[in-house]
Amino acid sequence: MKAIIFDMDGLMIDSERLYRQAQHDIARQFDKIMTEEIRMKMMGRKPIESLRLFVKELDIPMDPAELLEKRNDVMREKLKNDLVPMPGLTHIIDTFHGKLKLAVCTGAQEEFLDIVVDQLGIRDKFAVLQNSDDIENGKPHPEIYLKTCQRLGLPPGECIVLEDALNGVLAGKRAGCYVIAVPTEYTKDQDFEAADFIADSLFDAAIHIGASH
């Protein structure tokens, strides 16, 4: 293996908590209730795709693009003021930086990816920062992982993908990568049978990669 590709939301940072707060607040404004089933469908997808689902499932009388801007305003402030890295993130980055190529591959837009890597001070650790702005098909489609591998100059079979949600795991596997699932409290009930390995944490993922590298 020559590269590790990190998902961002829920894998590198505890952003699912922030998105949940934002989505709950927006749904409540329309007297709707956000359900776990809808959240699972939205996870890992391109922002506009996830908001189309949100609008459709909750029958909200608002254009998805307008709603996306509304959510972006909320999330922009949350990411700048309440950004928490997931346990083990610094450890796994420091362990493999300089040994394997590192990349971020996120369904989020460029603006949010930039906020995260700069807030955490880790931009210089990554060879590739891939956002979803120029991606036509969001996860679970493999497009974004195929593009990331191409930018790394490596075949998918030489790339390890770290993902916290099923849509991302499926995208990585369909691209042909070796996929490690790192479930969180929000995704632990999903079926990760498609993953090559299920890690308890990023610390555990680092041990597994070190043992197999």
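Tabulated values for the structure
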item: Tally of residues being under 24 Å from R20 (Cα atoms), in contact with a Pro (Cβ under 9 Å, 6 or more places away or on another chain) and in contact (Cβ under 8 Å) with a residue 60 or more places away in the chain across segment 186-213; result: 3
item: Yes/no for E77 being exposed (fewer than 15 other Cβ atoms within 10 Å of the Cβ), in the same structural domain as K46 (by TED's automatic domain parsing) and assigned to a helix (DSSP H, G or I); result: yes
item: Matching entry among E49, E66 (being under 17 Å from the mean Cα position of the chain (by Cα) and part of a helix (DSSP H, G or I)); result: E49
item: Qualifying residues in segment 1-54 (those that are surrounded by 18 or more Cβ atoms within 10 Å (Cβ to Cβ) and among the aromatic types (F, W, Y)) - the one nearest to L154 (Cα to Cα); result: F6
item: Every residue from segment 120-162 that is part of a helix (DSSP H, G or I) and under 15 Å from the mean Cα position of the chain (by Cα); result: E143, I144, Y145, T148
item: Residue check, Y186 within 23 Å of I209 (Cβ to Cβ), surrounded by 16 or more Cβ atoms within 10 Å (Cβ to Cβ) and of a type in the set (F, W, Y); result: no
item: Total residues in segment 81-126, condition touching a residue at least 60 places away in the same chain (Cβ under 8 Å), surrounded by 17 or more Cβ atoms within 10 Å (Cβ to Cβ) and β-branched (V, I, T); result: 5
item: Failed criterion for K188 (all others in (1) part of a loop (DSSP other than H, G, I, E, B); (2) closer than 28 Å to D73 by Cβ hold); result: (2)
item: Residue pairs meeting the criteria (Cβ under 6 Å; at least 6 apart or on separate chains; first touching a residue at least 40 places away in the same chain (Cβ under 8 Å), in segment 58-71; second of a type outside the set (D, E, K, R) and surrounded by 13 or more Cβ atoms within 10 Å (Cβ to Cβ)); result: L67/L51; R71/A22
item: Hits in segment 177-196 (condition: over 15 Å from F6 (Cα atoms) and of a type outside the set (D, E, K, R)); result: Y186, T187, Q190, F192, A194
item: Candidate set: segment 127-145, residues that are closer than 17 Å to L162 by Cα and of a type in the set (D, E, K, R); chosen: the one surrounded by the most Cβ atoms within 10 Å (Cβ to Cβ); result: K139
item: Of the criteria (1) more than 15 Å from the chain's Cα centre (by Cα); (2) over 13 Å from E49 (Cβ atoms), which one V117 fails; result: (1)
item: Where I92 falls short, out of the listed (1) under 17 Å from the mean Cα position of the chain (by Cα); (2) not assigned by TED's automatic domain parsing to the domain that holds H141; result: (2)
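Conditions tested, residue by residue: (1) more than 20 Å from Y186 (Cα to Cα); (2) at pLDDT below 90; (3) basic (K, R).
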site	(1), (2), (3)
I13	no, no, no
Q21	no, yes, no
I33	no, no, no
K41	no, yes, yes
R45	no, yes, yes
L51	no, no, no
F54	no, no, no
D59	yes, no, no
A65	yes, no, no
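The values are calculated or read from the model by the stated rules, or taken from the named source; none is laboratory data. Bear in mind that the values here come from a model prediction, so they are computed numbers and not experimental data. Please note: Cβ atoms are built from the backbone with ideal geometry, for glycine as well, and neighbour counts cover all protein chains shown.
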